[in-house]
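Bear in mind these aren't lab numbers, they're just calculated from the coordinates by the rules spelled out. Keep in mind that this is a model prediction, so the values were computed, not measured. Quick reminder, even Gly has a Cβ in these numbers, built from the backbone with ideal geometry, and neighbours come from all protein chains shown.
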Amino acid sequence: MDFIVLGQQIINGLVNGMGYVLIATGLTLVFGVLRIVNFAHGEFYMLGAFLTYYALTLFGVDYVAAALLATIAVAGLGIGANRFFFRPLRKEHEFTILLSSLGLSLLIANGAEELFGADPKYVMSPYADEASEIGPFVVTEQRLIVFAAAAVVMAGVYWFIRYTRMGKMMQATAQNPEGAALTGINTDFVHGYTFALACGLAALAGALVAPTAMLFPTVGSWAVLKGFIVVVMGGLGSVTGALLGGLLLGVVESLGGGYISLGFKDAIGYAIIIAVLLWRPQGLFSVSRSTR
Amino acid sequence: MLNRRITVAALAAATAIGLALSPAAAQQKPPVKIAAIAPLSGAGAFDGQLAVEGMKAMAEVINQRGGILGGRKIELVTYDDKGTPEEGVSAAKRAMEQDNVDMIVGGWFSAVALAQKEVTRDKIINVMTSSQHPNVTEQGHKYLFRLNATSTMMSDTYSKFICDKMKVKSVAFITINDDYGRLEVENYKKLLASCNIEVKGNEFYNRDDTDFTTALTKLKALNPDAIYVSAINTSQGATIYRQIRQTAFKGTIIASAGNMNPKLIELSGPALEGVYCVSLFAPDSQNSSLKQWMTQYKKDFKNEPSFIGSLGAQAVQVLAEAADKAGSSRDYDKIAQTLKSRKWDTLLGQISFTDKGQAMQNIYLVQVKNKQIVSVASGS
């Protein structure tokens, strides 16, 4: 077996996987804290990428600033989506909320097609085409940035949830919303910044991954699908699960595509979902919750 | 109550007057309706948009000249086939049954054309455009015509050039996993083997893939002299060309026939510089009707005129002229016979149709130089 190709495929997989991690973390946070399965999550990924593009071309700022601006703007949109869309639906049945989020997704995707146009766009990053050769392996700077930035951000998210006051409020709300409210936590406020964090992470993923491929308004449906596979693998509501699940999916896809068949690449993700739901419905990496 | 009665009476009177007056306005003759069925949403949406824009610009050129059949204007009715056979079939049905169009232009993707031709079979003039699968015309019908060269015709011309001019000894393929892609690989394996170019491997990708690094890593490890990229939509094509460069592949890149356009060059950046392709469309040709169309196109739309748009324009052009010569927009036997009986001067040069309705077009070899598509040689 050729170890250089194997190593290269694992590197490809880890980079793709880190993109999935960022998408899935937002999805899993919103589910954990608000019990909402948000089908519109992928559209925030798409908006993050498109806003980066427009910040670059219209305002002429550099790539890093554009990515940050887009992330902050979409985090703001996340607060808006929660305040004006999900909050009024809070008392409804969860299927109503799920279907409404699907509606929101279609609305944003079609609105984007109307507003941004159907022609594919490309986010120019100064790091995209420069291939760095590390020993026998080839990685572009952009792909290194995707991995490094996502790793730093994930460490930050973990620290935020674990050790800050706001993070602990999120944990409390996730464990028992009524109990949290009784102890004086403003759960509305918690919901708001959970959405901001989730949508910001999706947007950051969009901004980071965009320079590696072309951008079009329906790209969100791809993103939310990968996100769901990772969330199911890692266990709903678990951030560490999303991290491990995302990296695992990336590597498995890349090795499956490389050594079995490329046409099979997407099928691997679905096969994993079925297997996980059959044998470990609580997720691959979480301890069983049925005992609590 | 009374008020309402008066209002109703007044409305009725107004309508009656309107009707009485309308014959004067109706002096204008009814338009010739042509259905434009194209992918206007999904991953092929941009290509569909280019196609419809090309048709509109040509319709405008003809209408400004006074239309056809003694002053009838051409009216395009657009439908979205979403790039799928099901939607293509339903669009053709709506065009025929609800909107009562005179003729149909469609079939941008082979899979759609193959399904759609069964709905229009022997019922209405149906021009298929960019689809390349041979069976579109091989199993066509008496009113069916196809403009693009088939993938077999293209690969015959292209492989000769690859054998003679490109100094490569081995090639690897990355192709789309559908009827068109599979047929292409099969063709080239045979044709290139005949001039001793070794085919080192092939990777199929899916219609909605956005990451090709896995496939390209595999192909690069085979160490071929050239990578042949078969990509039918602009967005996936541009991603593949960029990622080839990002994997630090240093060999020759060969672009699949008929899939080069200005947007692709813009999106792919330096990755496409110097790359060859074959096309029916050479933007630097001196054809006068091409120039007229390009001027109109640039006036009406912000995109650059493209091959896909020029094919749409050619469809409108030959249909308009054929209906005009046949003296009717509905006598399909006569129109079909007229189309097959003579040569046509179009914006892409002189063409003729075989008995099966397949167009015989000029095929140009083009190259990307300084971000422009320039013609290098022409064959047929």
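Within the shell defined by Cβ-Cβ distances under 10 Å, the residues around A:Asn16 carry a net charge of 0, with Lys and Arg each +1 and Asp and Glu each -1. Region B:343-358 and region A:189-251 have Cα centres lying 52 Å from one another. Mean sequence separation of contacting Cα pairs (under 8 Å, at least six apart), scaled by the length of chain A, corresponds to a relative contact order of 37 percent.
Past 26 Å, Cα to Cα, is the threshold; run B:Lys73/B:Lys299; B:Lys73/B:Lys325; A:Lys121/B:Lys165; B:Lys167/B:Lys369; B:Lys291/B:Lys356; B:Lys325/B:Lys356 against it and keep the listed order. Kindly include the intermediate steps, with their values, before the conclusion.
Values: B:Lys73/B:Lys299 20 Å; B:Lys73/B:Lys325 15 Å; A:Lys121/B:Lys165 34 Å; B:Lys167/B:Lys369 19 Å; B:Lys291/B:Lys356 30 Å; B:Lys325/B:Lys356 20 Å.
Where the Cα-Cα span goes over 26 Å, the pairs concerned are A:Lys121/B:Lys165; B:Lys291/B:Lys356.
Find the relative contact order for region B:152-279 and round it to a whole percent, using C-alpha pairs within less than 8 Å whose residues are 6+ positions apart.
Working: 195 pairs, mean separation 32.2, N = 128.
Relative contact order of region B:152-279: 25 percent.
All C-alpha to C-alpha distances of region B:152-279, sorted into 10 Å bins beginning at zero, yield P(r) values of 13, 50, 35, 2 percent in whole numbers. Annotation: the residues B:Arg342, B:Arg182, sorted from fewest to most other C-beta atoms within 10 Å of their own C-beta, follow the order B:Arg342, B:Arg182. Qualifying trypsin sites (Lys or Arg not before Pro) in region A:89-124, where qualification requires a DSSP coil assignment and no more than 10 other C-beta atoms within 10 Å, comprise A:Lys91.
Arranged by the count of other C-beta atoms within 10 angstrom, fewest first, what order do B:Leu219, A:Leu89 take? Intermediate results must be reported in sequence, preceding the final value.
Values: B:Leu219 24, A:Leu89 14.
So the ranking, lowest neighbour count to highest, is A:Leu89, B:Leu219.
Taken one residue at a time, the phi angles of region A:137-146 give Karplus couplings (6.51, -1.76, 1.60, θ = phi - 60°) of 9, 10, 9, 7, 4, 4, 5, 5, 5, 3 Hz. Gly and Pro are set to x. Within 10 Å of the Cβ of each residue in A:265-271, the mean number of Cβ atoms contributed by other protein chains is 1.
Counting other beta carbons within 10 Å of each residue's own, what order do B:Thr213, A:Thr57, B:Thr78 fall into, fewest first?
Listing B:Thr213, A:Thr57, B:Thr78 from fewest to most nearby Cβ atoms yields A:Thr57, B:Thr78, B:Thr213.
Rounded to whole numbers, the Karplus 3J(HN,Hα) couplings from phi for region B:212-223 are 10, 5, 4, 5, 5, 4, 4, 5, 5, 5, 6, 6 Hz, using 6.51 cos²θ - 1.76 cosθ + 1.60 with θ = phi - 60°, and x at Gly and Pro. For region A:15-219, the Cβ-based charge dipole about the Cα centre amounts to some 820 debye (Lys, Arg positive; Asp, Glu negative; other atoms uncharged). Expressed as a fraction of 2.2 N^0.38 Å, the value expected for a compact globular protein of N residues, the C-alpha radius of gyration of region A:116-197 is 1.71. Spatial offset of region A:1-64 relative to region B:175-199 amounts to 35 Å, using the alpha carbon center of each.
With the cut-off at 30 Å, tell me which of the pairs B:Lys220/B:Lys302; B:Lys117/B:Lys200; B:Lys56/B:Lys371; B:Lys56/B:Lys334; B:Lys33/B:Lys82 have Cα atoms farther apart than that. Working shown, then result.
Details: B:Lys220/B:Lys302 38 Å; B:Lys117/B:Lys200 37 Å; B:Lys56/B:Lys371 26 Å; B:Lys56/B:Lys334 25 Å; B:Lys33/B:Lys82 22 Å.
B:Lys220/B:Lys302; B:Lys117/B:Lys200, as the Cα separations exceed 30 Å there.
Just from its helices, what would the mean residue ellipticity at 222 nm be for the protein assembly as shown, if runs of 4 or more DSSP H residues each count -39500 (n - 2.57) and the sum is divided by every residue, rounded to the nearest 500 deg cm²/dmol? Here the helix-only value at 222 nm equals -18500 deg cm²/dmol. Mean per-residue shielding of peptide A:133-141 is 2, counting Cβ atoms of other chains within 10 Å of each Cβ.
Kirkwood-based Rg over Rh for chain B (C-alpha set), two decimals? List each step's numbers first, then the result.
Values: Rg = 23.3 Å, Rh = 22.0 Å.
Rg/Rh for chain B comes to 1.06.
Grab the other residues whose beta carbon is less than 11 angstrom from that of B:Thr129, score K and R as +1, D and E as -1, and report the net. Don't jump to the answer; show the numbers that get you there.
Values: positive: B:Arg146; negative: B:Asp47.
Around B:Thr129, the surrounding residues sum to 0.
Across peptide A:244-257, the mean count of Cβ atoms from other chains lying within 10 Å of each residue's own Cβ comes to 1.
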